[in-house]
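Data first, discussion second: the structure below is written as structure tokens.
The values are calculated or read from the model by the stated rules, or taken from the named source; none is laboratory data. From a predicted model like this one, the values you see are computed outputs, not experimental measurements. Positions of Cβ are backbone-derived with ideal geometry, glycine not excepted, and every protein chain shown enters the neighbour counts. Note: accessible area is taken over every heavy atom of the protein model, side chains too, but ligands, DNA and RNA are not part of it. Shrake-Rupley method; radii C 1.70, N 1.55, O 1.52, S 1.80 Å.
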Amino acid sequence: MVEMSGARAFVESLERQKAEIIFGVSGGAILPICDELWNSDLRFIMARHEQGAAHMADGFARASGRVGVCLATSGPGATNLVTGIATANIDSSPVVAFTGQVPLNMIGTDAFQEVDIIGVSASITKFNLQVRRPSEIPQAVKSAFYVASTGRHGCVLVDLPKDVQIAVEEIEFPEEVSFRGYNINLEPDGREMDWATTLLSNAKRPVIMAGGGVIASNASAELVKMAELLVAPVTTTLMGKGAMPCDHQLFAGQCGMHGTGEANLLVSEADVLLVVGARFSDRTTAKLEEFSPGAKVIHIDIDRSEVDKNIETVTRVIGDAKLALEGILSRMANTRFDTSRNGEWLKKLEKFRKQYAPPELSGNPHMRAPEVMRALRRALPREALVTTEVGQCQMWSALYFDAYAPRTFFSSGGLGTMGWGFPAAIGAKAARPDVPVVDIAGDGSFCMTENNLATCVEENLPVVVVVLNNRMLGMVAQWQRLFYGRRYFGVELGNSPDFVKLAEAYGAEGVRPETIDEFERAVRRAVKDDVTMVIDVQIDPEENVFPMVPPGKGLKDLLVEA
Amino acid sequence: MAQLSTIAFLVENKPGVLFKVSNLFRRRGYNIESISVGPVENPELSRMTVSVKADSRILNQIVDQLDKMVEVIKVKRLDPMRTVAREMALFKIDTSDPMAREESLRHVNNYHGLILNIDPDFLIAEVTGDPATIDEFIEKTSPIGIEEMSRTGVTALEKGRLKL
Ligand SMILES: Cc1ncc(C[n+]2csc(CCOP(=O)(O)OP(=O)(O)O)c2C)c(N)n1
């Protein structure tokens, strides 16, 4: 045991967790911690807004598979984190947020910059806690990392009153932490896997739906094996994109409100649906009553509370997705089953794929978004990382940008947070400085966190931002076009800002390509020179994302044109 | 079909846990009929008992969601056939009319209640029983005039060897 301040214990605890980077913004209630960080090798990446810091930590976590750390002061610093915390938590991203707090004896007095962040964040974190003395800090930090990165990953917040940071106490660093009420069970039950095996081996029209859980548990190889063994088409949710290479013959694309024709129709006709690490969000299922009506659903998930929440399952396998898939695969090896009948089923995949192939686009003076996505793919190396903003740009990315590996494509799925993609890309770049990182943005979304261009430039974290610029809050405009008689309200952004000048103002590069070729060249140059570049791609404000399942309809009821 | 059920759980006896539990119920839209909390043999733990009206899918959800909370140690949906559930209630009854006084004393007596206090115009009675019995007492006594009441919410233990 050694005597030290709470702030010192905090920094040492982070070092013991092997954290290397903290994303944050400083402030009065974390001054003692700042002063210790001044003395430490931990890298502090300063965001220009705490929301950005939280998204950066989130992007770092998703790209690296390790815990992302963000830090903010009390009051407004803490509340600015809220959107970032909620976004990370609902997408099961392991993020730990640290907030300063007013001194203990001032808590509850409405002191300057006091906010009850424990109360505020209770329903958007996996766990949160406030420390009350320096000797609790090592335990709190270790617990936070442990809870965030085990079981179903999530966000943990630790609130650090300023006097606790300053006070000096005998400090002990625990080797292990445990909670009576937190037992993670990774090992799936053998009987559950037996049942799943029986169902799968008797399936005639099997479909696999892979969610973010496959990526979180590093189970992509097992997923592909399972698909090939069963000869089952694979669809992914938005969070699962990358779990199966998009150029795999059995890959059917995304399922859901903006699913591909082949994915939505195959899911609708399946007799056995194996869902791995996905939670049946309403954006994936569309109308619940019409979701995969004839299928026996097998649900593999680490979170028991997701089973039977939205969709009734026939069999569930609770546990780690990788272990569950391995367990079922080894059972399948000893099971005789006939996949010859799946030939018909595969033909269907081909048929739907052809039927719903996106039309070749021509005769429009604007660059078309799907075309831009394909050009971006051509210009990037396979290992490049891509984040997205939210709206049409997000769905175009999901539908038309091919991802080839897990942890290469990231999007705010559960919350759909505009402004997430850019700071998340910065966090991803901090985790993987060796590969190019691109944010596929809408003009509206990019404006929400564009100030972090300063962080890219000052911290030397080059990110390419492709702005699909329709001068509109495009997705909302699409709904107003399709379902509200074109009564545009609150969606027209006008011509401000000039993204080229904006980039230049921050010391980054800005370009406005006129053709697809120019666009591709710009991307290649940004990648080669490893610079921060904002590419302003002017697209048609009237362009819609299709396919689309109108609200209230089932997966089968796809619109492919207006 | 929605039915009234009892869920009992052990939690860490730490500040903020009651808030987090009730926040979970509020956020997920679960309807609590009553909630009661108290210490147990181990001073580091508390036991909570909630009574909820929900169908069995939602009940399973509630159990799973509670179980997921780091501060919740054990959760169980109690089987009504194997559970003893009780609730205590205090009643202040207007007894300024001698007839009313007599009648309320009789009711209290019928329900094995206790008279805790008598003032010139009011008495305070305690009634303990399962929640339905207390509801019945209220119904019978209301015409006389219940001035004020306070119920504790259900608390429950399983029979025999069964344990949380
Ligand atoms: C923070 C936030 N505010 C509002 C919304 C609602 N919303 C969803 S999509 C969208 C439009 C996005 O516009 P833009 O970023 O320009 O992308 P586009 O749809 O045009 O590709 C809006 C406003 C949201 N998802 N997030």
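Structure summary
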quantity: All strands (runs of 3 or more DSSP E) inside region A:1-106 with 2 or more residues being closer than 28 Å to A:Pro406 by Cα and either basic (Lys, Arg) or open to solvent by 10 Å² or more (accessible area, probe 1.4 Å) (or both); calculated: A:43-46
quantity: Test: B:Asp94 is open to solvent by 30 Å² or more (accessible area, probe 1.4 Å), within 13 Å of chain A (Cβ to nearest Cβ) and either on the phi < 0 side of the Ramachandran plot or more than 18 Å from the chain's Cα centre (by Cα) (or both); calculated: no
quantity: Residue check for A:Val560: among the hydrophobic types (A, V, I, L, M, F, W, C) and open to solvent by less than 30 Å² (accessible area, probe 1.4 Å); calculated: no
quantity: Breaking point among (1) in contact (Cβ under 8 Å) with a residue 40 or more places away in the chain; (2) open to solvent by 20 Å² or more (accessible area, probe 1.4 Å), for A:Phe291; calculated: (2)
quantity: Scope region A:130-147; condition within 12 Å of another protein chain (Cβ to nearest Cβ) and assigned to a helix (DSSP H, G or I); matching residues; calculated: A:Glu136, A:Ser143, A:Ala144, A:Tyr146, A:Val147
quantity: Residue that is surrounded by the fewest Cβ atoms within 10 Å (Cβ to Cβ) [pool: residues in region A:444-462 that are away from the ligand (no atom under 15 Å from the Cβ) and among the β-branched types (Val, Ile, Thr)]; calculated: A:Val457
quantity: Residue among A:Ala441, A:Ala477 that is near the ligand (Cβ under 8 Å from one of its atoms) and in contact with a Ser or Thr (Cβ under 8 Å, 6 or more places away or on another chain); calculated: A:Ala441
quantity: Filter result for A:Ala122 (surrounded by fewer than 21 Cβ atoms within 10 Å (Cβ to Cβ), of a type outside the set (D, E, K, R) and more than 14 Å from chain B (Cβ to nearest Cβ)); calculated: no
quantity: Unique residue being at pLDDT 95 or above, open to solvent by 20 Å² or more (accessible area, probe 1.4 Å) and assigned to a loop (DSSP other than H, G, I, E, B) when the list is A:Lys528, A:Lys553; calculated: A:Lys553
quantity: Tally, over region A:491-517, of residues that are open to solvent by less than 60 Å² (accessible area, probe 1.4 Å), within 14 Å of the ligand (Cβ to nearest atom) and either assigned to a loop (DSSP other than H, G, I, E, B) or within 14 Å of another protein chain (Cβ to nearest Cβ) (or both); calculated: 3
quantity: Total residues in region B:53-86, condition of a type in the set (Lys, Arg) and within 17 Å of the chain's Cα centre (by Cα); calculated: 4
quantity: Some residue of region A:465-475 being free of Cβ contacts under 8 Å to residues at least 24 places away in the same chain and either assigned to a helix (DSSP H, G or I) or farther than 20 Å from A:Phe60 by Cβ (or both); calculated: no
quantity: Residue list for region B:2-22, restricted to those being open to solvent by 20 Å² or more (accessible area, probe 1.4 Å) and within 11 Å of chain A (Cβ to nearest Cβ); calculated: B:Leu10, B:Glu12, B:Lys14, B:Pro15, B:Gly16, B:Phe19, B:Lys20, B:Ser22
quantity: Of all residues making up region A:173-214, the number that are more than 14 Å from every other protein chain (Cβ to nearest Cβ) and either in a loop (DSSP other than H, G, I, E, B) or among the β-branched types (Val, Ile, Thr) (or both); calculated: 18
quantity: Criterion (of a type in the set (A, V, I, L, M), more than 7 Å from the ligand (Cβ to nearest atom) and under 27 Å from A:Gly24 (Cβ atoms)) met by exactly one of A:Val390, A:Val465; calculated: A:Val465
quantity: All positions within region A:295-322 that are in a strand (DSSP E or B) and out of contact with any helix residue (DSSP H, G or I) (no Cβ under 6 Å at 6 or more places or on another chain); calculated: A:Val297, A:His299, A:Asp301, A:Arg316
quantity: Residue within region A:397-417 that is in a helix (DSSP H, G or I) and either among the hydroxyl-bearing types (Ser, Thr, Tyr) or in contact with a His (Cβ under 6 Å, 6 or more places away or on another chain) (or both) present; calculated: yes
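Table: residues versus (1) more than 14 Å from chain B (Cβ to nearest Cβ); (2) touching a residue at least 40 places away in the same chain (Cβ under 8 Å); (3) not aliphatic (A, V, I, L, M).
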position: A:Ile318; (1), (2), (3): no, yes, no
position: A:Thr339; (1), (2), (3): yes, yes, yes
position: A:Phe352; (1), (2), (3): yes, yes, yes
position: A:Val386; (1), (2), (3): yes, yes, no
position: A:Met395; (1), (2), (3): yes, yes, no
position: A:Tyr400; (1), (2), (3): yes, yes, yes
position: A:Leu415; (1), (2), (3): yes, yes, no
